[in-house]
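Please treat every number below as a calculation from the coordinates, not as lab data. Just so we're clear, the structure is a prediction, and the values are computed from it rather than from any experiment.
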Amino acid sequence: MVTNVDSLAGLIILALQIIAIAGAGFALFHVVRQPAEAFPAVDKLTKPVWLGILVAALLVLVVFGAVGLLGIIAVVAVCVYLVDVRPRVEEVQRPRW
């Protein structure tokens, strides 16, 4: 998606797109590094499902941008992973002392 960066609104949209793509990349990197057993252990979708969701979200963000219906859906999917799934997966792997 090409953005007009000549105006303040264009710069804000560009910044939001960069942040959304970076967040999706981070979430994708995180899901790849986690063991598959950790996801069902916290009653979340399986690792392949989250991998597919996040790959699709990253592709949508790169192709269509973060502003628009598909982009907002992709951002919501990434946020759900980062806010809900990621902390629970990390919590189950942390040793309890």
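Note down the Stokes-Einstein diffusion coefficient of the chain in µm²/s, whole number, using a Kirkwood radius over alpha carbon pairs, 20 °C, and 1.002 mPa s. Can you show the working numbers first?
Values: Rh = 14.2 Å.
Taking Rh from Cα pairs, D becomes 151 µm²/s.
Segment 1-61 to segment 82-97: how many Å between their Cα centroids?
19 Å
Suppose only helical runs count, i.e. DSSP H with n ≥ 4. What mean residue ellipticity at 222 nm does that imply for the chain under -39500 (n - 2.57) per run, divided by all residues and rounded to the nearest 500 deg cm²/dmol? Before the final figure, lay out the partial values.
Details: 5 runs with 68 residues, N = 97.
Mean residue ellipticity, 222 nm, calculated: -22500 deg cm²/dmol.
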